[in-house]
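Below is one structure, written out as structure tokens, with a few remarks after it.
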Amino acid sequence: QVQLMESGGGSVQAGGSLRLSCVASGGSFGPTNMAWYRQTPGNQRELVAQIDITGHFVYADSVKGRFTYSVDSARNTISLQMDNLKPEDTGRYYCWGYSLGSRYWGQGTQVTVSS
């Protein structure tokens, strides 16, 4: 059974940092088959960071220069270092994975940034 387990969310003040991690189990995920998404209040779920099929790191425009995405394929783990957080980063962050023709989502972890 495939499971994606996020950790590392929390509450910080604007300008602070958080590090999210996601561990995938029960499946095989290549470096381009995992990603971070988020859903902020009043908005649809959006892609935050991933590695595309050409091997480039792709970030949402709103997080470029502040968030750093990393992948440890050997451990089926992805991380998101979030620095200089802003109140508009508040939302639920989800780990996404694709394995053997199926898409999977974690439960999400809440990030709250106060001004």
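The values are calculated or read from the model by the stated rules, or taken from the named source; none is laboratory data. From a predicted model like this one, the values you see are computed outputs, not experimental measurements. All Cβ positions, glycine included, derive from the backbone under ideal geometry; neighbour counts span all protein chains shown. Heads up: the accessible areas ignore ligands, DNA and RNA and are worked out on the full protein's heavy atoms, side chains in. Shrake-Rupley method; radii C 1.70, N 1.55, O 1.52, S 1.80 Å.
When residues in segment 79-99 are screened for being in contact with a Gly (Cβ under 8 Å, 6 or more places away or on another chain), farther than 14 Å from A49 by Cα, open to solvent by less than 10 Å² (accessible area, probe 1.4 Å) and modelled with pLDDT of 95 or more, 1 of them pass.
Does segment 33-40 contain any residue that is farther than 19 Å from S17 by Cβ and outside any strand (DSSP E or B)? Before you say what the answer is, go through the steps one by one.
Let us first name the residues in segment 33-40 that are farther than 19 Å from S17 by Cβ, namely 33-35, 37, 39.
Filter once more, keeping what is outside any strand (DSSP E or B): 33.
Checked segment 33-40: at least one residue is farther than 19 Å from S17 by Cβ and outside any strand (DSSP E or B).
What number of residues within segment 55-78 satisfy the criterion of being modelled with pLDDT of 95 or more and not in a strand (DSSP E or B)? Of the residues in that region, 8 qualify.
Take S102 and decide whether it is within 17 Å of V2 (Cβ to Cβ), hydroxyl-bearing (S, T, Y), in contact (Cβ under 8 Å) with a residue 24 or more places away in the chain and surrounded by fewer than 14 Cβ atoms within 10 Å (Cβ to Cβ). So S102 fits the description; yes.
Residue by residue, here is whether (1) among the polar types (S, T, N, Q); (2) within 17 Å of W105 (Cβ to Cβ); (3) free of Cβ contacts under 8 Å to residues at least 60 places away in the same chain holds:
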{"site": "L4", "(1), (2), (3)": "no, yes, no"}
{"site": "F29", "(1), (2), (3)": "no, yes, no"}
{"site": "S73", "(1), (2), (3)": "yes, no, yes"}
{"site": "Q81", "(1), (2), (3)": "yes, no, no"}
{"site": "T90", "(1), (2), (3)": "yes, no, yes"}
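Note on segment 1-27: residues that are closer than 17 Å to D89 by Cα and outside any strand (DSSP E or B) amount to 6.
Here's a check for you: in segment 19-72, which residue that is small (G, A, S) and more than 12 Å from G97 (Cα to Cα) is least open to solvent (accessible area, probe 1.4 Å)? Lay out the reasoning, then the answer.
Within segment 19-72, the subset small (G, A, S) is 21, 24-28, 30, 35, 42, 49, 55, 60, 62, 65, 70.
Next, only the ones that are more than 12 Å from G97 (Cα to Cα) stay: 21, 42, 49, 55, 60, 62, 65, 70.
Details: S21: 33, G42: 88, A49: 0, G55: 44, A60: 17, S62: 61, G65: 88, S70: 43 Å².
Per the criteria, the residue is A49.
For segment 97-108, enumerate the residues that are more than 16 Å from T40 (Cβ to Cβ) and not basic (K, R). Passing the criteria: G97, Y98, S99, L100, G101, S102, Y104, W105, G106, Q107.
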